Amino acid sequence: MAAERFAREARAVVTRGWRLAGELGSSSVDAQHLLLALAEGESAAATALNAEGVDGASLRAALEDEPQRSLRRAGFALGALAVPPATPVTPRRGRAAWGTSAKLALERAVKAAQARGDSRIGAEHVLLGLLGARAGAVPRLLEHLGAGAAEVQAALESELAAEAG
Amino acid sequence: MVVTAAGETDPDDGLAAAVALRRVADRLEDEHVLGALRLGWSWGRVAEALGVTRQAVHKKHARRARELGVVQRGR
């Protein structure tokens, strides 16, 4: 993954994702942090996400509730026990800071750019990489927000077409 | 604090409860990894759901999955 192939906005997404992970109490940067960074940014990917109801505020709320929601859906009634609110941490620097889900998303972003014949990796490719997840936090959050991966991708394609046109 | 009444809970009870929760979490993972494999999920998809590498989930669960006949040898 050559960093110089990442366009400015894609690099900004990665940087913001890193900061958001710490803000949300995660010691690793995971796919959901990149999704939030995208949704709160300014790009065709952000416009597509926001149009499908995935904006910063709803995503932050969904992220905060996700542990409790998962436990409930698996049949756990916690009673007095609550999943603690996130305490900001400082993520480790370097390679160790990257969670598996984020690495997979960025690998898929590179592949998406190659498949489209794009020489630079932009925010739109990062979004495509995130949408490619078959399991984990990103598909769960999108489902919770009523945004299907196919619909988000369609919104992205029309946004990109509008920009190009 | 995680537990609302943590201030009044004896540390001995609280620490024992943490151990118990870890056992519950391990058991939950064991059951659902097998369940996912039975449904035909790939190791990669299971790994993605757990947020770990494919190698990590395979190392942890492959032997048990083989022993229980959920996956074939070599997978």
Against the conditions (1) among the polar types (S, T, N, Q); (2) within 12 Å of chain A (Cβ to nearest Cβ); (3) open to solvent by 80 Å² or more (accessible area, probe 1.4 Å), where does B:THR53 fall short? Just the number, please. (3)
Anything in segment A:137-165 that is modelled with pLDDT under 95 and not in a helix (DSSP H, G or I)? List them, or say none. A:GLY148, A:GLY165
Yes or no: segment A:59-67 includes at least one residue that is touching a helix residue (DSSP H, G or I) at 6+ places or on another chain (Cβ under 7 Å), modelled with pLDDT of 95 or more and more than 21 Å from A:THR15 (Cβ to Cβ). yes
Taking the condition of being modelled with pLDDT under 85, part of a helix (DSSP H, G or I) and open to solvent by less than 30 Å² (accessible area, probe 1.4 Å), how many residues in segment A:87-101 meet it? 1
Which of the residues belonging to segment A:116-153 are out of contact with any Gly (no Cβ under 9 Å at 6 or more places or on another chain), over 26 Å from B:LEU50 (Cβ atoms) and small (Gly, Ala, Ser)? A:GLY117, A:SER119, A:GLY122
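The values are calculated or read from the model by the stated rules, or taken from the named source; none is laboratory data. Just so we're clear, the structure is a prediction, and the values are computed from it rather than from any experiment. A quick note on method: Cβ atoms are made from the backbone with ideal geometry, for glycine too, and the neighbour counts reach across all protein chains shown. These area figures cover heavy atoms from the full protein model, side chains too; ligands, DNA and RNA do not enter into them. Shrake-Rupley method; radii C 1.70, N 1.55, O 1.52, S 1.80 Å.
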